[in-house]
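So the structure is just underneath, and the comments pick up after that.
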Amino acid sequence: MFTRERTNNEFQLDHFAKVSRDLTEDSLFEHFPGHGHSPAWILGHLAICAELGQHMLGGSLTHPEWVERFGPNSVDTGKPDAILSLSLMTNAVIDGYRDLRAMAGSVTDNSRLDSPHGVPVLTGTQIVSVADMIALLLTNHFAFHLSQLSSCRRSAGHAALF
């Protein structure tokens, strides 16, 4: 299941590795121009969304305490948190999407995939089912926030990667 979406996400995670290499602890909670988010919020949001996708497929949340701070409709306060480090958050993204890809690749319960996703912010959109949501998380959603993270990197003075 989700073969193309999983391949797309692996490709994006290769780019994520290049982008995240140039991020620093010093700028983790800095709000960057354009989108106004901090790298901490972007990383936390991507990580918790991967875990929420796993939860939709029957898995559990590794960082349930991150849902309120980084989940859908959360507000990036930019408030520093000594517990959150660049390494912790980067690894949470990598691990979260690795596990989401694995779960998406082995799902056999079509009734689960066909059920409503239950994400209020997407009510009334073309994203209706859990399958739609998993495809979105592995592709467009990840790419959208990866571009925000890339703009943080570029705003810090780094040259283009491509």
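Ordering 121, 107, 19, 67 by accessible area with a probe of 1.4 Å, largest first, what comes out? Provide the component values of the computation, followed by the final result.
Numbers: 121 80, 107 25, 19 0, 67 50 Å².
In descending accessible area the options line up as 121, 67, 107, 19.
Please give the charge dipole size of the range 14-129, origin at the Cα centre, charges +1 on K and R Cβ atoms and -1 on D and E Cβ atoms. Round to the nearest 20 debye.
I would put it at about 220 debye.
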So how tilted is helix 39-56 from the main axis of the chain? Cα-based, degrees 0 to 90, rounded to 10. 10 degrees
In whole percent, the fraction of accessible protein surface over the chain that belongs to carbon or sulfur atoms, probe radius 1.4 Å, stands at 54 percent
Roughly how many Å² is the accessible area per residue of the chain, as a whole number, for a 1.4 Å probe? 51 Å²
Of 112, 4, 21, ordered by accessible area with the largest first and a 1.4 Å probe, the sequence is 4, 21, 112
Rg and Dmax [Cα atoms of the range 44-124; Å; Rg one decimal, Dmax integer]: 13.8, 42
Diffusion coefficient in µm²/s returned for the chain by Stokes-Einstein, Kirkwood Rh over C-alpha pairs, 25 °C and 0.890 mPa s, is 153 µm²/s
Accessible-area value, residue 18, 1.4 Å probe, nucleic acids and ligands omitted, Å²: 80 Å²
Just to confirm the number: angle between the C-alpha axis of helix 86-106 and the first principal axis of the chain, 0 to 90 degrees, nearest 10? 20 degrees
Using a 1.4 Å probe and ignoring any ligands, DNA or RNA, find the accessible area of residue 158 and quote it in Å² to the nearest 10. 60 Å²
In degrees, nearest 10, range 0 to 90: what is the angle between the Cα axis of helix 3-21 and the longest Cα principal axis of the chain? 10 degrees
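Could you sort 127, 42 by accessible area so the largest value comes first, with the probe set to 1.4 Å? Walk me through the numbers before you get to the answer.
Values: 127 40, 42 0 Å².
Heavy-atom accessible area, descending, gives 127, 42.
The values are calculated or read from the model by the stated rules, or taken from the named source; none is laboratory data. Bear in mind that the values here come from a model prediction, so they are computed numbers and not experimental data. Note: ideal-geometry Cβ built from the backbone for every residue, glycine included; neighbour counts use all protein chains shown. Side chains included, ligands, DNA and RNA excluded: accessible areas come from the protein's heavy atoms. Shrake-Rupley method; radii C 1.70, N 1.55, O 1.52, S 1.80 Å.
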